[in-house]
Amino acid sequence: MKTTIYASIIIIVGGLLVTAPAFAGSSFTVGIGEKYTTISAALLDMKDGDSCIVKTGIYRECIVVPQNDVTLRGEGNVIITGCDDAGKARPTKINGHDGLVFDTGKPVYEAFAGEQYLPLARFPNKTTPMTSNEDWAFATIEDNGDVLFTEPNLAAPQSLDDGFYVGAGTFSTWYSLTLPIIGLLENGVIRINSDNASSGYLGRYGKGKGLGFVIGAKAALNAPGEWYTDGKQVWLIPPDKKPGGYEFRTRLYGVVVKGKSVLLENLQFRAAAGRVDGDDVTFRKCSFEYISPFAHNPNPRDEPQNKKGQSMASGWGTPDNGTAGVFVQGDRFVAENCRFAKSWWCGMMMRGNRARIENCLFEDMNWIAKRCAALFSWGDDNVVRYCTFRNLGGSGIEGGNDSWIGQYAKRNIWEYNYIEDVCKLIVDQGFFYVNHQKGDNPASGSVWRYNVGKTVQGPKKGPWGRNVAAYYVDNNSSGYHIHNNIAIDAINPMKHNDTLDGPGASKDIWYYNNTFYKCGDAAFGNFGNSQKRDADLNLVNNLAVSCSKKALSNNDMVKDYVNNHAGVDK
């Protein structure tokens, strides 16, 4: 259905008031029994200034919005999904199990049975939450990339020539690496393609004992609910209790907004990422669930900008593969009362400026242990307030990385947020994190205030030291005022690394009026090229209760240390 709406405007002609009709855009309706049964069909006829009501239903499409000043508003339970019905299946035998095979003819990114998310085939089988590493097996990764499982009574599948080994170790505690499997040697060692690793640290950087698992290999398909695809077909072992029909995610995106001044309201995106290129776009009361699928991004080892083979893409939410969940590069973006949940990578990447993220929930993210946050706020003048971040493999919010990605947040305000159970798969981040600036770069001028954070302890299992912190201003970052926050149960209440001397040293970092409870030592130190502690760190009027006596460390890196009090050791 389409209706045209007119408004009245008043103009003065020859001293007289004259009322004239003004065109105010058309209204469209999408739903069962309506003229438009898909949102995409309505968008083909919509013009700038139009609006559309989407009625209750499941819409299997990716909506592209090129118009300006338009509104798409859900009425009832509106689901936009990247999934298609799986279609007919043929019974088959899979590794000795009764299974099903589907002919898709195209790549599949995720699988569902009714409302149940189905995991990719993996070894060992997952029995704990995705943000836990409790099921990861001990393995040794040799210099040449061979993987040897060393856990007692645990042997890899007998035949491997596809899938990926996903792991992390003492060589790479910042993020996991993903290695394509190309075969299995006679002694049970997994052979991988180190040249196509998603993250580097192989060769002389790749030796060390770590944790890992096999994912997406056909030989690992041996448990109810698991699935495998070769890009043309899907093999699946039905769940123990089949909850409904099968669906396969075949589209990465559920919405791509190209126009300006677009409003999306009360829309649920399921197994579908979002991308915002236009300015002044608003998401209100929208949800994005299962937004970021597993994806392998090869890292060419000859990229000169990489350091020791570190990937420039795999952990940063590349828009071309949907790993950002919601990727925003337009300015003045607004997200209000939205939910972002369940992803292999991050929830939202803010590349644009002057955004406002308010009253949103970010939860259950970073299943693959990449170096990523629930929210990347990298643009300038962004505000994040009244949001909740919980159950995350990485940090809550990250403010950018000048050396690796060439962008860090300036004049950001992060306030009145609640952060809980973060860095569960990452050992070197925090509630909030920023990294790799230099003191002679323009100072960030950012403020973190009135936030409450609870529990940042790092992974429970692994051979590494856990260096996570509540508030982590890393590697000569400059221009941060962190005040009136509460941090509970953090290994380090604060952490800072001084890596450069003179003009490159950190400047204008203030911690004041913060309260820390049940936290360990503040971690202030210098390494790398730093020969002296000339960072400008200031601690004023902070309180540590039931913490280590070193929770509020006063060393020669701290320039201004006034009225801080640390309570009894925990």
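The figures follow:
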| read-out | value |
| --- | --- |
| Lysines whose Cα lies under 16 Å from that of LYS55, excluding same-chain neighbours fewer than 8 positions away | LYS2, LYS35, LYS285 |
| 10 Å-binned pair-distance histogram of the chain (Cα, whole percent) | 4, 17, 25, 24, 17, 9, 3, 1, 0, 0 |
| Cleavage-rule hits, trypsin sites (Lys or Arg not before Pro), the stretch 51-121, DSSP coil, Cβ neighbours within 10 Å at most 14 | LYS88 |
| Inter-site label distance for VAL101 and LEU44 at 7 Å from Cα along Cβ, in nm | 3.7 |
| Lysines whose Cα lies under 20 Å from that of LYS424, excluding same-chain neighbours fewer than 8 positions away | LYS126, LYS209, LYS342, LYS370, LYS454, LYS460, LYS461, LYS495, LYS518 |
| The chain, relative contact order [Cα under 8 Å, separation at least 6], % | 9 |
| Spatially proximal aspartates and glutamates relative to LYS47 (Cα-Cα < 14 Å; intrachain offsets below 8 disregarded) | ASP69 |
| Heavy-atom accessible area ranking, 1.4 Å probe, most first, across GLU61, GLU420 | GLU420, GLU61 |
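The values are calculated or read from the model by the stated rules, or taken from the named source; none is laboratory data. This structure is a prediction, so every number in the text was calculated from the model and none was measured. Note: ideal-geometry Cβ built from the backbone for every residue, glycine included; neighbour counts use all protein chains shown. Keep in mind that these areas ignore ligands, DNA and RNA; they rest on the heavy atoms of the full protein, side chains included. Shrake-Rupley method; radii C 1.70, N 1.55, O 1.52, S 1.80 Å.
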